[in-house]
Structure formats: C-alpha cells, structure tokens
1. Residues Val103, Val66, Val111, Val50: which one is farther than 15 Å from Ile183 by Cβ, assigned to a loop (DSSP other than H, G, I, E, B) and among the aliphatic types (A, V, I, L, M)?
2. Residues in the stretch 276-290 that are surrounded by 15 or more Cβ atoms within 10 Å (Cβ to Cβ) and over 15 Å from Thr210 (Cβ atoms): how many?
3. Residue under question is Arg102, and the condition is that it be surrounded by fewer than 18 Cβ atoms within 10 Å (Cβ to Cβ) and of a type in the set (D, E, K, R); does it hold?
4. Gly141 fails exactly one of the following numbered conditions: (1) at pLDDT 95 or above; (2) of a type outside the set (D, E, K, R); (3) touching a helix residue (DSSP H, G or I) at 6+ places or on another chain (Cβ under 7 Å). What is the number of that condition?
5. Has the stretch 242-257 got any residue that is closer than 26 Å to Ala217 by Cβ and not in a helix (DSSP H, G or I)?
6. Please state which of the following conditions Ala248 fails to meet, knowing it meets all the rest: (1) crowded, with 22+ Cβ neighbours inside 10 Å; (2) within 30 Å of Leu172 (Cβ to Cβ).
7. Here is a list: Val267, Val274. Which entry is of a type in the set (A, V, I, L, M, F, W, C) and either at pLDDT 95 or above or in contact with an Asp or Glu (Cβ under 7 Å, 6 or more places away or on another chain) (or both)?
8. Is the stretch 189-206 home to any residue that is over 30 Å from Gln131 (Cβ atoms), surrounded by 20 or more Cβ atoms within 10 Å (Cβ to Cβ) and in contact with an Asp or Glu (Cβ under 9 Å, 6 or more places away or on another chain)?
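The values are calculated or read from the model by the stated rules, or taken from the named source; none is laboratory data. All values reported here derive from a predicted model rather than from experimental measurement. For neighbour counting, all protein chains shown are included, and Cβ atoms are generated from backbone atoms with ideal geometry for every residue, glycine included.
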Amino acid sequence: MTTSLRRTTALTLRRLGIAAVASLSLSAASALAAEPVTIGTGVDASFSPVFVALQNKLFEKEGLNVTTQNYPSGGEATDAVGAGQLNMTIVGSPAAINRGSRVDIRILAIVETHGKFVKLAARKGITDPSQIKKIGFAPAGDSEYAVRLAMKKFNIPNVELVRSAPPELPALLTRGDIDAFFIWEPWPSLAVKQGATILAVSEDVGHLGTIVLVTSADWLKGHKDAAEKVARALAQACDAIRANPEEAGKAAQMAGKIPVDQTVQFVKEVDCKVRSVTDKDVQDYEKIADFLQEQKITKTKTDLGKVVVKDFYKP
C-alpha cells in the first residue's frame, strides 16, 4: 500500500468514525429528549393497542419514551396510577369509575367500545341462564356489573355469587364449583375449549362497555401534552388493528405476548377507535356510578364531573 493510499484510508476511517459518533450522539440526544411515560398493561387483548403502538414505534414518533408494567387486571393497574406508580393505563369504565370515588384519577378518552367482549360462559349441562345457581365474577368492574344486570335480565335474584380472580374462573367452571361466569376474553374462550357454552354477551343484558384511557390528576397537571400524544399513538394503533388484524396480532404478540388469534377475535368483537367521552357516555357512566354506590362497592357516588375530562382527544 502506498503512503498516499494509507493516508487516504486513514482519513476515510476517521471521517466514518466521526459520522458514527455524531449519529450515536443524535440518537442519544433524541432518546434523552423523549418524554418518559409508564403505562400499565394486562394479559388480555384489550391491551393490544398499547402493544401495537410499542411494536410499531408509534409512541416514539410522538416523541415519547414509553415503558410498560404488567398487572393482572386493568383495575389493579388503575390502583397503581392512583398511587403514583404508573402514569397511565387503559381499563374498563366500571373499574375506572369505582377507583374514581376514592383516588384522584381522570378519564381522558375512550379507546375501545364493546358489547360482545364480556361473555356469560356456562358449564356442561347448563343450557339456560335460569339454571344457574352459582356464578363467578371479578369484583367491581365490567364483570360484576354484567353479573348484576344478568340477575335482573334472567330473573335469577337468588344466585350465589362467587368472587374470583379472572384466570381462576375457567378452572372453577370445569370443576363444577360454579355453574357460570361473566367476564371478558380470553377467559370465556378458554372455557369453551374445555366444554363450556356461551349463553350471552354483555349487550344482551344492557351493557355496552368502554375501555378508557386514565391517568392521575396530579400527573396530568404537568404532562397534558404527553397524555395527548399517548392518545394519538393509541388512535394510530387502533387504525392499524382495524386495517390488518393479523399483522396487528403479530405486533401485539411480539410486544406483549398476546396470542395472535386473541387480537384477531378482539377486532371482531370490539370497536377499537379512540374518541372523546360524549354526553351519552357520561349518562351511561352515571348509571354505573349509581350501581356501585347501591351495591356499597363505593362509599359515595363518584363525581363524574370531576373524573371525566370531556373533549380531551382531538384527532
């Protein structure tokens, strides 16, 4: 190699090194500039928008550095939001309204609307709701609300109520410890694989449910812009889920270990579309708040005028 060629090679390598360092510096600066947000997630397909947004880097595009923490349910994640351990989560509206009676949280937007995602699954031999003697449910959320409505709808006021964590319900059903349970997917479908039958869905008993985006009032004060960006990223994730359920399912599986078939089924049963809370939604939430107080689940009725932030999400 000639002296001239050696000099040219060395100069090229130095330039490449400088460019690499500059590129890394810009990436590091970008990461540092991105606002950190911690979002609570769970184990069912209702959290697919969060995982799709993560996998498709939709939060990054909004200038956010989002991390997730997994919880057994959205209700428990909402408790963590109220305690300042999380910044945001998505959760069924009854669970959010329940927590809103005792912790200072805010419902910012509706992420999903559903009438078929929460289902009444019955064991072998039970072919009609009137035959149910024992029914399982997860307390203080969509599950319990649907059970109470079912008791009225099917005229089974003396049914024995069995509280349980969601993952335990299929096993209780298979053993015959309960005759039925009313809860969200994937637990009904798991029970069907073991011989159960679906007798009803939530809309059959008068409950059109919503999954809502929540945060704490304290965090929102200083991070309204970040909260709006989270809502926008989730809206884009919902668009992706509706456009291509299979690909969205793969993204949810990679980011959140949600099986692809659960996301595909989720699209069929849930309207994944971010929107602001409407007056009609608030009317429905008032009924839920009344129910929670009547059942002594909450000591006082939740002040929805304080908890619900209307017109927060603007596409």
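1. Val103
2. 0
3. Yes: the conditions hold for Arg102.
4. That leaves (1) as the condition not met.
5. no
6. For Ala248, the failing item is (2).
7. Val274 is the lone residue from the list that is of a type in the set (A, V, I, L, M, F, W, C) and either at pLDDT 95 or above or in contact with an Asp or Glu (Cβ under 7 Å, 6 or more places away or on another chain) (or both).
8. no
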